Amino acid sequence: MSETEGTAGGDEEVPVVYLHGVCRRYKQGESELVILNGAKLALWAGQSVALVAPSGAGKSTLLHIAGLLEHPDEGEVYLMGTATSALSDLQRTMLRRTDVGFVYQSHRLLPEFSALENVMMPQLVRGLSRSDASRRAEEILSYLGLKDRITHRPAELSGGEQQRVAIARAVANAPRILFADEPTGNLDPHTAEHVFGALMQLVRATRVAMLIATHNMDLAARMDRRVTLRDGQVLELD
Ligand code: ADP
């Protein structure tokens, strides 16, 4: 892996995520749409990486494959040095639960539950007790400036607050990698700044690796690295 990009801290030997030769094609009638064609990417602990590419370039596809939500047609996804293609569905699910967090453009919170309960949910699924899950959920929400909002349901929160609860939920199980798909795409510039700040704060505090698909060049400029997708391959920008 000598050709991979440098580490943020210099102390990790293995990237948190390493995509190697990843291909993904979709059938479109008689023809085939080639979305990823030998894509290669290494993400290191504590590093924030912006994925900047036009709509339809394959950003979501790449995030879903790297986050084990989809299988590539060819190639391998390594998480913490472990090849994932040979793992069973259950093993992939367990890895995803403990090591991977996702934030989407729309918050996808459960409307009938409070902010606290939404952040407890992934921890309960993982097997934590209600009291431990509740304590940690409160801690994370407070850390993201939402201490006064923990009993609110999503409909009682602003767009930026909803998105910060979604971020808290994504990191509830202390993942090693956080994927965010246009996380500020629905927000006004001021709120986007606040939500972006929360993401960057988490990268610094927890050394989670973060890959954000975004169209926002201002935010991308403030991240550690910028990559794009061209002809199905990942290219470094700058
Ligand atoms: P982006 O996130 O960059 O907008 P996507 O990864 O969502 O791009 O999609 C890349 C391309 O693949 C698009 O042209 C999209 O229409 C196509 N695509 C995505 N998912 C499927 C699917 N399940 N079946 C067929 N085509 C798909």
task = Check the straight Cα-Cα distances from K40 and name the lysines below 17 Å, setting aside those fewer than 8 residues away within the same chain.
result = K59
message = What are the ³J(HN,Hα) couplings of the stretch 47-52, residue after residue, when phi is run through the Karplus curve with 6.51, -1.76, 1.60 and θ = phi - 60°? Round to Hz, x for glycine and proline.
response = 10, 9, 10, 9, 9, 10
query = Suppose R0 equals 35 Å; then what is the FRET efficiency for M94 and K147 from their Cβ-Cβ distance, rounded to the nearest 0.05?
reply = 0.65
Relative compactness, the stretch 9-70, computed as alpha-carbon Rg over 2.2 N^0.38 Å = 1.30
task = Give, in nm to one decimal, the length gained when the segment between R204 and Q233 is fully stretched (0.36 nm per residue of separation minus the Cα-Cα distance).
result = 7.6 nm
query = What chymotrypsin sites (Phe, Trp or Tyr not before Pro) does the stretch 9-114 have in DSSP loop regions with at most 15 other beta carbons within 10 Å?
reply = F113
key: Dimensionless Rg ratio for the chain, taking C-alpha atoms and the 2.2 N^0.38 Å reference   = 1.00
remark   = Per-residue ellipticity at 222 nm attributable to helices in the chain (runs of n ≥ 4 DSSP H, -39500 (n - 2.57) apiece, nearest 500 deg cm²/dmol) works out to -10500 deg cm²/dmol
Cβ charges +1 (Lys, Arg) and -1 (Asp, Glu), total dipole of the stretch 64-127, debye = 260 debye
request  = Just round it to a whole percent: the fraction of Cα-Cα distances in the stretch 52-166 exceeding 21 Å.
outcome  = 49 percent
ask   = Given H placed 1.01 Å from N in the peptide plane, which residues other than close sequence neighbours of V234 have an amide H under 5 Å from its amide H?
value = K40
ask   = Could you give the length gained on full extension between R25 and M217, defined as 0.36 nm per residue of separation minus the Cα-Cα distance, in nm?
value = 66.3 nm
request  = Show which aspartates and glutamates lie in cross-link reach of K27 when reach means a straight Cα distance below 13 angstrom and same-chain residues fewer than eight apart are skipped.
outcome  = D73
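Only the coordinates and a few stated rules stand behind these numbers; no lab work does. Every value quoted in this text rests on a predicted model; they were computed, and no experiment measured them. Every residue, glycine among them, receives a Cβ derived from its backbone with ideal geometry; neighbour counts consider all protein chains shown.
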